[in-house]
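The values are calculated or read from the model by the stated rules, or taken from the named source; none is laboratory data. Treat the numbers as computed from the prediction; the structure is a model and nothing was measured. Methodologically, a virtual Cβ is constructed for each residue, glycine included, from the backbone with ideal geometry; neighbour enumeration extends over all protein chains shown.
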Amino acid sequence: MTTADELLGRLAALDRDGLAKVLTHRPDVLREPWPRRLDVVAARLASAESLDEAVLGLSAPQIQVLGAVQLCHALGLRPTPLAEVGKLLGSTAFESYVDDLVERALLWRDDDRLTLPDLLRRGNFHTEGLGQPVADLLVELGRGPMARLSKALGLPAGLKELVHFYRDGDRVRELFRTAPEPTRKLLQDMADGVPEAEGVLPFHTAEGWAFEHGFLISTYYGSAAMPIEVSLALRGPDHQLPFTPEEPGHATTHVGAESVEATSSAAALRLLDRVSAVLDLAAAEPLPLLKDGTIGARLIKKVAKETGATPAEIELAIDLAAQAGLLLADEPPPPRRGQKAPPPTLATDPDLVRPAPALLYRLLLTTWWDPAPPEFGTDVGALVRRLVVRLLARLEPGVAITGDLTRLAEWHAPMLLTEDFAGHVADAVEAAELLGVVAHGAVTAVGRALLSGEDLVEVTDGLVARARTTALFGTDLTAIVPGSPDARLAAALDRVADREAQGTATSWRFSPASVRRAFDQGATADGLLDELRALAAGELPQPLVYLVNDVARRHGEAQVLDVASVVVGEPAVLTELAAHRKLAKLGLRAVAPTVLTSTVDAAGTLDALREAGYSPTHHAADGSIVLPAREPAAPKVTFRDPEPDDRPPDACQHAERLLAAPPSGPSLLRGQLARAMSDRYAGRLTPKQQQLCWQLEAGIPADVVYQEDDGPVRLVIAYPELDGDALDVWSLGDHAYRRLELARIELG
């Protein structure tokens, strides 16, 4: 597979199931816009980004088999015989991994020969303790040194003869035995894992023989490199590359499926409670961020203290709410000269209707499971969390791994290793437990639904519906909810009592201060007792009834009057206002000759004065005039679950569509669209219309108006292809391709 054209031919030769396997293992190929034809699939499969993503998902034996093929390719075995791969690995149980790589389009197999993609060919093998191929080192060496080397070996001058000599392990070992003892020791040490070294100079006694006979070759950077062929020859004819087809052993334990699901439900409801609390706080006052726009530890601790949550719960709640679009970052305007810039904040979206609990839970789950890809680099955290859930989901429900999960994850994804891979695994497990995806080390029904992509709505609806709606009230002025309370019960108890603990059960404690808080919010003794009786699993205990009645009796024993607004003016005018019958509802009272207080807020007082025929102005506390503010619009944006028609086609449907279409098609040449649209507009395109055509040809989305049979519609289109009098485009709003007639397109 040297070009995408050869890959296209191989893809076209596959049947539907074979192509579907490739697309299943390489899902990035099907990202929007979907590939129209197989030539687009081939180009995407052959891209460096797609190959890198595919290699990150390979297990240790798959990487080892791929490395063996790469080494054989570097040694000139092109295509690579299957037997040579088995010889390097020292095993015959590797063909299933070859088939895995073929299904991922990382290898192509023709009978017993393997072909490697161009971008997967390697020029060095330092991770295996090997260096570079001798051919590459000799080309870098130059003609003169190559001629001297050929003469020292008694070979005809030429690169081909030298390469053939060094690839003959028996001849290399025979020559090695004639080297001086110090030289043999140096070369053997380098062959065992140090293929390149600094400070090894050709004029030294021990190294001189090695350089003269090509066992070491000077590089451009001044180091001494041992060719791969020499290292393999000195390691002996029986040397084998590492191959570990057996995954590491891991102990398991049965923790009980019922216990797992109960804990999952409690975690889900607790997370919903935390996210709702965060959204309530952000709606009342935006949450300040650090200068770089990240969530600070001080904010997390403050919110955790206010909500009774742990810092880990609040950090996850804020992070997921921001990623899901429930919280929006507000970047402040640049400060004026000499002023300090205010920090950015997180606030709720006023246009967004808060989702129902089950839908909110699904939104948080899918945001955590499939976050938006980063602009640069790889989201290792997202890959690790999916790997951890996939590994745990192989076990039976209610069974958990008690052994080293990190070691098992390393075997399944060795290319994901980072400086703190164990930390990534621990973070993934912790977040999964807070979300209810994992409980007691076992995957829950929610985790399995996330992994399969099926039944997520049904599973999450059932999980949220398990919330308790009643509480047990004790004579010690406590209320206990075994399990997880639903949102209504938790809000009602939070209003009149202080939350003390939560876990498998949540408890609240009543006190004079907490009950007074309810009365301060407008509750009455009878109303509060009726509400608590509706929440009680039995009768309310007498101590709680006495507490409520006692606080009600004392509530209001001292009164603090609130002055809503102040009216300032001439004494004669104020005297007239105070005596005006229509203004009696304002409760105007003179506190000075030029000052009246009103029991109605500023807005209500302004309206009443204007209705009475006066012309007041609204001033702030500092005396500046307050301009009228626009009424905020009612929220109109809602989240919803995807309908069956909203889901993209699966790999089999894509494979069937791609095989039915022509394998390749014409590309849109620069200026071709502008010429076609010019014919549509009788040869007259405005500069803006020309710019729009060039924008589409460059792959930049553009807004157009299309005249449908039932009226004009506005579309955002991209990736056009011209087909006669029609334009085949990708519609960003419809998430699908559309065929538009040129005569009906209005460029605007």
On the basis of being under 30 Å from TRP508 (Cα atoms), touching a Ser or Thr at 6+ places or on another chain (Cβ under 6 Å), in a helix (DSSP H, G or I) and in contact (Cβ under 8 Å) with a residue 60 or more places away in the chain, does LEU269 make the cut?
yes
Enumeration of residues in segment 364-400 that are crowded, with 22+ Cβ neighbours inside 10 Å and either farther than 28 Å from HIS254 by Cα or not assigned by TED's automatic domain parsing to the domain that holds ALA439 (or both):
LEU364
Could you list, in sequence order, the residues of segment 731-748 that are within 12 Å of MET677 (Cα to Cα), aliphatic (A, V, I, L, M) and assigned to a strand (DSSP E or B)?
ILE745
Could you identify the single residue in ALA321, ALA317, ALA347, ALA312 that is touching a helix residue (DSSP H, G or I) at 6+ places or on another chain (Cβ under 7 Å), over 30 Å from SER59 (Cα atoms), surrounded by fewer than 17 Cβ atoms within 10 Å (Cβ to Cβ) and modelled with pLDDT of 90 or more?
ALA312
Return yes or no: is LEU456 farther than 22 Å from ASN549 by Cα and buried (at least 16 other Cβ atoms within 10 Å of the Cβ)?
yes
Within segment 171-188, does at least one residue satisfy the condition of being surrounded by 18 or more Cβ atoms within 10 Å (Cβ to Cβ), under 50 Å from the mean Cα position of the chain (by Cα), touching a residue at least 40 places away in the same chain (Cβ under 8 Å) and on the phi < 0 side of the Ramachandran plot?
yes
Could you please let me know if ASP420 is surrounded by fewer than 18 Cβ atoms within 10 Å (Cβ to Cβ), within 21 Å of the chain's Cα centre (by Cα) and at pLDDT 90 or above?
no
Could you give me the residue pairs with C-beta distances under 7 Å whose first residue belongs to segment 337-364 and is closer than 20 Å to VAL303 by Cα and touching a residue at least 12 places away in the same chain (Cβ under 8 Å), whose second residue is of a type outside the set (A, V, I, L, M, F, W, C) and in a strand (DSSP E or B) wherever it lies, and which are 6+ apart or on separate chains?
PRO343/PRO288; PRO344/ASP330; THR345/PRO288; THR345/ASP330; ALA347/ASP330
If we keep just the residues of segment 225-240 that are within 12 Å of ASP192 (Cα to Cα) and buried (at least 20 other Cβ atoms within 10 Å of the Cβ), which is nearest to the chain's Cα centre (by Cα)?
ILE228
Can you find a residue in segment 194-203 that is in a helix (DSSP H, G or I) and over 22 Å from THR127 (Cα atoms)?
no
Log entry, pairs with first residue in segment 37-48 being acidic (Asp, Glu), second being at pLDDT below 90 and not in a helix (DSSP H, G or I), beta carbons closer than 7 Å, six or more apart or on different chains, reads ASP39/PRO663; ASP39/SER664
So, in segment 309-328, how many residues would count as being over 24 Å from ARG640 (Cβ atoms) and in a loop (DSSP other than H, G, I, E, B)?
2
If only one of ALA465, ALA505, ALA491 is touching a Gly at 6+ places or on another chain (Cβ under 8 Å), modelled with pLDDT under 85 and under 30 Å from GLU531 (Cα atoms), which one is it?
ALA505
Wholly enclosed helices (runs of 4 or more DSSP H) of segment 614-730 bearing at least 1 residues at pLDDT 70 or above and exposed (fewer than 10 other Cβ atoms within 10 Å of the Cβ)
651-660, 687-697
Does segment 31-48 include one or more residues that are at pLDDT below 90, within 19 Å of the chain's Cα centre (by Cα) and assigned to a loop (DSSP other than H, G, I, E, B)?
yes
Candidate set from segment 1-24 (those that are buried (at least 18 other Cβ atoms within 10 Å of the Cβ) and under 24 Å from the mean Cα position of the chain (by Cα)); member that is nearest to HIS73 (Cα to Cα):
VAL22
Of (1) surrounded by fewer than 20 Cβ atoms within 10 Å (Cβ to Cβ); (2) touching a residue at least 12 places away in the same chain (Cβ under 8 Å), LEU463 fails just (1)
Can you report the number of residues in segment 109-134 which are at pLDDT below 90 and assigned to a helix (DSSP H, G or I)?
6
Output the residue which, of all residues in segment 508-527 that are of a type in the set (Phe, Trp, Tyr) and modelled with pLDDT of 85 or more, is farthest from ALA267 (Cα to Cα).
PHE510
Give LEU66, LEU58 a once-over and let me know the one that is surrounded by 20 or more Cβ atoms within 10 Å (Cβ to Cβ) and in a helix (DSSP H, G or I).
LEU66
Screening ASP28, ASP100 for residues that are out of contact with any Leu (no Cβ under 6 Å at 6 or more places or on another chain), closer than 23 Å to ARG657 by Cβ, of a type in the set (Asp, Glu) and not in a strand (DSSP E or B) leaves only ASP28
Given the structure, is LEU408 touching a Lys or Arg at 6+ places or on another chain (Cβ under 7 Å), surrounded by 18 or more Cβ atoms within 10 Å (Cβ to Cβ) and at negative phi?
no
